[in-house]
1. Using a 1.4 Å probe over the heavy atoms of the protein chains, calculate the carbon and sulfur portion of the accessible area of segment 79-126 as a whole percent.
2. Among R294, R87, what's the order by accessible area (1.4 angstrom probe), most exposed first?
3. Using a 1.4 Å probe on the protein heavy atoms only, what accessible surface does T115 show? Give it in Å² to the nearest 10.
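The values are calculated or read from the model by the stated rules, or taken from the named source; none is laboratory data. The shown structure was predicted, so the numbers you read here are calculated from the model rather than taken from an experiment. In case anyone asks, the SASA skips ligands and DNA or RNA and just uses the protein heavy atoms, side chains included. Shrake-Rupley method; radii C 1.70, N 1.55, O 1.52, S 1.80 Å.
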Amino acid sequence: MAERRALPLLVLVSLAQAWLGWSAALAAADAPPASIEMWATPAQVEVGKPVTVSVVYHWAHGWTVDQQPDPSQAFADQFVTFISPPRDSVAGGVENCAFTLTVLPTASGAWTLPTPRLVVTGPGASRLEVAPPPVIVTVGRAAADLQAPAPRPLARRPAVATGHPLAWLGAGIALAIAVWVAVMLLMRRARAAARLQSAHEALEQALAQALTQQDGKESAALASLALRRFSGAIWRFDGPGSTARETVAMVRARADTEEFRELARLLDELEALRWAADDLQAQRLQPIIDAGRRWGGAVQQRLLAEAEAAKAAPAGRLRPVAVGP
């Protein structure tokens, strides 16, 4: 009697196991043989702050990849400061390969990250190329809607008769304003010279710090950032937010020919060392660091000499100084 009562229960258990197995097989059949996951944290940063990008490649067991997964090819034009070695794993008949990158944004606004690709070949020589969904990072603070105040009525100056005593008062005020403007121009040139000195000191400190890094590629990245920041402070553009190629383009039309050529050479050498396949010792950068110091000192001396010459020029013929306000 007990066996007859247990028979329906065994039948129900067998049917449930068969249904679960069929559902799992159907889900596996519907899953794509390859895919790429990519996400970035944080989703909103300031210019120059690092963003951590995670990329995970998936492909079914039995499928072969045409080229080993490598997100650095897609991020070749980005300012990448770190990329981890590949982390391989196998789970549930799916092979996985994960990477972690640290990238610095170079401009503000909506930043669409590059999309890596994966090409796999399956049974029957069928090929499939996959890419992750777009990942967008907001760089800089979100712009709020401007609330302009109500317009004020136009000011009207009362008519003044010719020869009125207030005319002499107006002339005196105009003379005082002219003297004040001249004094402010002189003070501005003095402040510009002080800012130039500060920019050069920051360059010296940054180049010295680059040599203290254990990783030579990190040292090359810091040295390149120091040269671009100094160039931006001198020639009025966003140096830290510009790539090496953009920095050279900005300096070409503003610096002397020799200064431009030397900066382009230094940045090219640093970029080549940063992306070299072999390991790099920081001490190998000593000649480039010394050349960067000499270049920054020469630029500082030239601009200071031009500022002194402009200061000594006759009134009314002041020349502009190439240092930002």
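1. Within segment 79-126, the accessible surface is 60 percent carbon and sulfur.
2. R294, R87
3. Accessible area of T115: about 50 Å².
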